[in-house]
């Protein structure tokens, strides 16, 4: 197949198509992770986005049956420099091409991803259209560009798209019970809580205060997820009544929703943080940890009320990576402590949260 990537600014990139024969539109973003493409493709936080790894060779270890972070691929498209057609790993059950076909997602390979990343770093993330099509066909570039220009990523509530539709329970009878507000949760978060003998009650992001109360949980986790946190005001409103009553942990989008719940604000980053090598400094201990990140918005530190303090910052750009209430058991981190992919330096976040639950 042929493949094409068209950016909102008029840039056109031609390459080879793979995955599904389809056309898709999304916000083009890049990730600096060298591994973990399967986990990234199935991370609901990428909903509405076209993912482009900076690492040039993708697919060499294939795709297995164990490492999905959700039930499907959420990215709108996949852009790579070089695609490995013949994967080599004992656990592999299919290659990346077949994986994308399975979920009707188009991919394009053979592009100079370094040049495209430089453009995004200079101009910021932008809408794009991607198409993989039969070698004997042609595509209308003008129409693709019109599709890209019509996309307003920040106006779409992707949380409603990715959240579970009904309550789900994991490890029933666990020592502690956690109400997990699913804004697009990665299954690795569930696994880490279960590994600490927690019963996890996964609720839709639209769950009401009454539904959360009915869980009789010992603590609440607000998960990661996609899109502009300002649009998920329903989640912010439903968790606010529990401040001071239950320990609360926010992860990634969760920290942003918590910020909105207390009267804070967020803003969009130029090209976001997506990768597994972001250094984060703990302002209390001075310790630096390498973290996994996937977010395009950040908490505005100056907007937080005085009862909250910034506890961690990103050493690359100084943005907020952690906040907490000065007295109550309310904490949140911007990075992904569960990793997958990435370093496991920050698993302590789950340990501390479990200790807070009485």
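The values are calculated or read from the model by the stated rules, or taken from the named source; none is laboratory data. Keep in mind that what you see is a predicted model, and the values were worked out from it rather than measured. No Cβ is skipped: glycine too gets one built from the backbone with ideal geometry, and neighbour counts run over all protein chains shown.
Filtered by the rule that a residue be assigned to a loop (DSSP other than H, G, I, E, B) and crowded, with 22+ Cβ neighbours inside 10 Å, region 1-46 gives 42, 43. The condition of being surrounded by 15 or more Cβ atoms within 10 Å (Cβ to Cβ) and more than 15 Å from residue 36 (Cβ to Cβ) holds for only one of 106, 53, that being 106.
Collect the residues in region 313-345 that are under 19 Å from residue 67 (Cβ atoms) and surrounded by 20 or more Cβ atoms within 10 Å (Cβ to Cβ), keeping them in residue-number order. Selection gives 336, 337, 338, 339, 340, 341, 342. Here region 56-81 is the region considered, the condition is being more than 19 Å from the chain's Cα centre (by Cα) and surrounded by fewer than 15 Cβ atoms within 10 Å (Cβ to Cβ), and the residue that is nearest to residue 126 (Cα to Cα) is 56.
If you go through region 93-103 and keep only what is crowded, with 19+ Cβ neighbours inside 10 Å and not in a loop (DSSP other than H, G, I, E, B), you end up with 96, 97, 99, 100, 101. Could you list, in sequence order, all residues of region 175-191 that are at negative phi and crowded, with 24+ Cβ neighbours inside 10 Å? Those that are at negative phi and crowded, with 24+ Cβ neighbours inside 10 Å: 178, 179, 180, 181, 182, 183, 185, 186, 189.
Can residue 85 be described as part of a loop (DSSP other than H, G, I, E, B), farther than 24 Å from residue 148 by Cα, under 18 Å from the mean Cα position of the chain (by Cα) and without any contact (Cβ under 8 Å) to a residue 40 or more places away in the chain?
Criteria not met by residue 85.
Quick one: is residue 90 in contact with a strand residue (DSSP E or B) (Cβ under 7 Å, 6 or more places away or on another chain) and either outside any loop (DSSP other than H, G, I, E, B) or modelled with pLDDT of 95 or more (or both)? Against the criterion (in contact with a strand residue (DSSP E or B) (Cβ under 7 Å, 6 or more places away or on another chain) and either outside any loop (DSSP other than H, G, I, E, B) or modelled with pLDDT of 95 or more (or both)), residue 90 does not qualify.
Exactly one residue out of 193, 180, 144, 203 is within 23 Å of the chain's Cα centre (by Cα) and assigned to a helix (DSSP H, G or I): that is 193.
As a summary of the residue check, residue 159 satisfies the conditions (1) closer than 21 Å to residue 33 by Cβ; (2) out of contact with any strand residue (DSSP E or B) (no Cβ under 7 Å at 6 or more places or on another chain); (3) buried (at least 17 other Cβ atoms within 10 Å of the Cβ) except for the one numbered (1). Here 197, 224 are screened, and the one residue that is in contact (Cβ under 8 Å) with a residue 24 or more places away in the chain and under 21 Å from residue 47 (Cα atoms) is 224. On the stretch given as region 206-219, residues that are in contact (Cβ under 8 Å) with a residue 40 or more places away in the chain and touching a strand residue (DSSP E or B) at 6+ places or on another chain (Cβ under 6 Å) total 3. Consider region 240-254 and keep the residues that are in contact with a helix residue (DSSP H, G or I) (Cβ under 8 Å, 6 or more places away or on another chain) and in a strand (DSSP E or B). The one that is farthest from residue 211 (Cα to Cα) is 251. Residue count for region 258-274 satisfying the condition of being out of contact with any helix residue (DSSP H, G or I) (no Cβ under 8 Å at 6 or more places or on another chain) and either on the phi > 0 side of the Ramachandran plot or modelled with pLDDT under 95 (or both): 1.
Only a single item in (1) closer than 29 Å to residue 181 by Cβ; (2) in a strand (DSSP E or B) is not met by residue 132, and it is number (1).
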